[in-house]
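Report on one structure; see the data block that follows.
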Amino acid sequence: MADDPQWQKIRVGIILGGLSSEKEVSLESGRNIFSKIDRRKYDPVAIFMDSRAALWEIPVKLLMRNATGDIEDDLISEAKLIPYESLRERVDVVCLALHGKYGEDGCMQGLLELLGVPYTGSGVLASAIGMDKYVCRRIIEINGIDVPRTVPIPRRLWEREQGPVEEQIVREIGFPCIVKPCREGCSTAVSKVLARDGIAAAVAEAFSWDNMVLAEEFLTGMEVTCGVLGVDEPEALIPSETIPTSSVLSLEDKFLYGQGENKTPARLPADQIEGIRETAVATFRCLNLKGYARIDMFVRENGRVAVLEPNTLPGMTPSTVLFHQAAALGITQANLIDRIISSALEVHAGKRGPL
């Protein structure tokens, strides 16, 4: 195909940065995709989303900057602004390396739908549901999949009835428990609470990130994560065991070299490995996810698999477990990126209305 003089490479806009607490991870993901993509088939275009949600085509020298703030400092002099309505003229498909709010939650997906630009990952509704941990868990539970016991705490309810809400947490969840924002990732504002007198401070910290906070049971057992690829016939990758450096998995554990340890495959019997893979695929299907995702789970001490959350645009940094899991099946980083982009082109070519 690449030898055909009439064939042109597919222009892939790799959008990175963004407005969320995860924008530095997004920079690492986008940079890695840009580096590992198969240039025999694809023509990658690095596109930076700044803190105002404007899009800029950036040169390699900006892409290699240490932080998103360093990139923003020189956008006007070194980059080219891309108006939203011009994006379709510049790229054939968008590879979303964004994580968190406004990038992973259906907002960017909706914009790309309006612009008529195909994009990687799940559609508008599935992305929005995947980002909202409480709504997501309700749907997963309805489908017969185990999830942690969870109490939702809307800000206005907490302001009116803090005492009764604390009593509900004590009664339905117990201690220790986990308190976290409903729509954040990368362990942002996640607290382990040991007694009732610690609830208020943990909830206050979580409310600094979202107007909905969750209190959930503290699971014991083995934390695992499993990637899933595909559209109509999703396939689970090889599950990884996550070994945190503390009782709550940190951002560094997930994405930085030399921090948290991941073992692929997880150190479990074959039947439990297969059970994790089946649960990951069942979760992928019931949420109508597309292309790829990573499902974070816990194998309880009694052997049951509980789903914590899906990651509809999982980290694609060099050290992310998704690449390790793919490698265990003989899939290289370039092959994985190719499969993700190919799935996007396939599913968007056949859709009727928004994905």
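The values are calculated or read from the model by the stated rules, or taken from the named source; none is laboratory data. Here the structure is a predicted model, which means the values were calculated and not measured. Cβ sites come from the backbone with ideal geometry, for glycine too, and all protein chains shown count toward neighbours. We work out accessible area using only protein heavy atoms, side chains counted, and drop any ligands, DNA or RNA first. Shrake-Rupley method; radii C 1.70, N 1.55, O 1.52, S 1.80 Å.
Sub-6 Å Cβ pairs linking a first residue in the range 131-152 that is under 21 Å from Cys107 (Cβ atoms) and touching a residue at least 12 places away in the same chain (Cβ under 8 Å) to a second residue that is part of a loop (DSSP other than H, G, I, E, B) and open to solvent by 20 Å² or more (accessible area, probe 1.4 Å), at least 6 apart or interchain, are Met131/Asp105; Met131/Arg183; Asp132/Arg183, ordered by first then second residue. Among the residues of the range 273-293, those that are open to solvent by less than 20 Å² (accessible area, probe 1.4 Å) and within 18 Å of the chain's Cα centre (by Cα) comprise Ala280, Thr283, Phe284, Leu287, Leu289, Gly291, Tyr292, Ala293.
Residues of the range 254-272 being at pLDDT below 55, closer than 20 Å to Ala328 by Cβ and surrounded by 14 or more Cβ atoms within 10 Å (Cβ to Cβ), which ones? If the condition is that a residue be at pLDDT below 55, closer than 20 Å to Ala328 by Cβ and surrounded by 14 or more Cβ atoms within 10 Å (Cβ to Cβ), then Lys254, Phe255 are the ones that fit.
Of all residues in the range 114-125, those satisfying the criterion of being open to solvent by less than 10 Å² (accessible area, probe 1.4 Å) and either in contact with a Ser or Thr (Cβ under 7 Å, 6 or more places away or on another chain) or not aliphatic (A, V, I, L, M) (or both) are Tyr119, Thr120, Gly121, Ser122, Gly123.
Are there any pairs with C-beta distances below 6 angstrom linking a residue in the range 166-189 that is of a type in the set (Phe, Trp, Tyr) to a residue that is surrounded by fewer than 21 Cβ atoms within 10 Å (Cβ to Cβ), with the two at least 6 apart or on different chains, and if so which? Sorted first by the residue in the range 166-189, then by its partner, the pairs are Phe175/Leu194; Phe175/Ala195. Of all the criteria given as (1) within 29 Å of Gly13 (Cβ to Cβ); (2) not in a loop (DSSP other than H, G, I, E, B), the one not satisfied by Gly198 is (1). Against the test of being closer than 23 Å to Trp209 by Cα, open to solvent by 40 Å² or more (accessible area, probe 1.4 Å) and among the hydroxyl-bearing types (Ser, Thr, Tyr), the options Ser51, Ser29 yield a single qualifying residue, Ser51.
Just one of the numbered conditions (1) at pLDDT 95 or above; (2) over 30 Å from Leu157 (Cβ atoms); (3) open to solvent by less than 40 Å² (accessible area, probe 1.4 Å) is not true of Glu216: (2). For the range 306-329, filtered to residues that are touching a helix residue (DSSP H, G or I) at 6+ places or on another chain (Cβ under 7 Å) and closer than 15 Å to Glu217 by Cβ, the residue that is least open to solvent (accessible area, probe 1.4 Å) is Val307.
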